[in-house]
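Notes to accompany the following structure.
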Amino acid sequence: MISRVWHGWTSHANAEAYEELLRTEIFANIAERSIQGFRGIHLFRRDVDDGVEFMTIMWFDSLNAVRSFAGEEYEVAVVPPAARQLLSRYDARSAHYQVLVTPD
């Protein structure tokens, strides 16, 4: 299994709108794509000194499944225009990890 980890930061004023966009549009659009080997996504949020940090961890069966989601340059972050408008900064590249132990 592969996890894809990404971080984005927004202002306190934009945090609720960004979270809502993720939950109602972006995650729904990903699910609608029915990507073979995509296993789900976790969303994390925390307040930081200069705003709010969001972290997503996506779960895939393989790097081929990640490529189906993100394209051949799979490390490049996938950040839709509506999200870019609410973010103050974000990781330009996602990190990918081989999952060695799970809580199962």
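A short reminder: the numbers here are calculations on the coordinates, not readings from a lab. Computed from a predicted model, the values in this text were never measured in an experiment.
State, as an integer percentage, the relative contact order of the stretch 2-98 based on alpha-carbon contacts under 8 Å between residues 6 or more apart. Kindly include the intermediate steps, with their values, before the conclusion.
On the way: 147 pairs, mean separation 44.7, N = 97.
Worked out over the stretch 2-98, it gives 46 percent.
Name the shape class, rounded, prolate or oblate, that the alpha-carbon gyration tensor gives for the stretch 21-63, where a ≥ b ≥ c are the square roots of its eigenvalues, rounded holds for a/c under 1.5, and otherwise prolate holds if a/b is larger than b/c and oblate otherwise. Numbers along the way, then the final one.
Details: a/c = 4.24, a/b = 1.86, b/c = 2.29.
Here the stretch 21-63 falls in the oblate category.
Over what distance in Å are the Cα centres of the stretch 57-104 and the stretch 1-49 separated?
Comparing the Cα centres of the stretch 57-104 and the stretch 1-49, I get a distance of 10 Å.
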